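Just below is one structure, and these are the notes that go with it.
Here, each number is a calculation from the coordinates, and none is a lab measurement. These figures come from a predicted structure and were not determined experimentally. Note that each Cβ is placed from the backbone with ideal geometry, even for glycine, and that neighbours are counted across all protein chains shown.
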Amino acid sequence: MRKNRLVSIAIGLAAIATSTLVMAPAASATGVAAGAGPASAPAVSTNHRIASLTGTKPVPGSGAAQAGSVQQRVDAVLAAIPGGRQVSPTKIQYDGLVVTVDPRSDATTRAYAPSDIICSPGWFCIIVRGTTFSFYACKYWDLSNWWGSSPFKNNQTKGTVFRAYDNDYNQVWSNTAYSDGYVDVTPWWHLKPC
């Protein structure tokens, strides 16, 4: 049943597992400079697929293999998501969202805690199987293939409510800022950070 939600990404890398996030169109959007907070940006007029590629397991002790695996994951995200911009070897910036690939993770071997999350004021951040999603823009986001327990940090303005929804937009979880902890993202199909 969950497999039906996976958005196909033609990347030609069968060994890469994916988590996908789709941004619904919005009348206006808020852009973010890496770590700098909100800035004005043009309106979003098309859907964007936001993919978190957890990657293949690098050869132990091989810095070149690890760097290649990370860049493959970043390249696959950029190929799948129009409008993204790689701003560092591990970070991709979109309008209202920053996706960060953890080079130490193959999504199955590293455990994460809320204390591992660096989340700027005004943001909601969550690590889903080794990839950090940092949300700033207040809009609906459609998810695909999110599952398992994920650490989060709700560092938005005090009192701001983050909401997660099932496939039919029934609210399945909410969290009021400021807060952090763990949440099972398996039933999530949509979210709105504010």
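Some notes on this structure:
- Taking Cβ atoms as reference points and 11 Å as the exclusive limit, the residues near F162 contribute a net charge of +3, counting Lys and Arg as +1 and Asp and Glu as -1.
- In this structure, the amide hydrogen of V172, modeled 1.01 Å from its nitrogen in the peptide plane, lies closer than 5 angstrom to those of A164, Y165, D166, counting only residues at least 5 positions away or on a different chain.
- Base-10 log of normalised Debye intensity for the stretch 124-188 (one unit scatterer per alpha-carbon) at q = 0.16, 0.20 Å⁻¹: -0.49, -0.80
- Per-residue Cβ neighbour rank within 10 angstrom, fewest leading, R110, R163: R110, R163
- Computed from the Cβ-Cβ distance with R0 of 22 Å, the FRET efficiency linking Q71 to A111 stands at 0.35.
- Among 169-175, 149-155, the peptide with the highest mean count of other Cβ atoms within 10 Å heads the list, and the full ranking is 149-155, 169-175.
- Residue-wise HN-Hα couplings along the stretch 183-194, as the Karplus relation 6.51 cos²θ - 1.76 cosθ + 1.60 with θ = phi - 60° gives them from phi, are 8, 7, 8, 3, x, 7, 10, 9, 8, 9, x, 9 Hz; Gly and Pro carry x.
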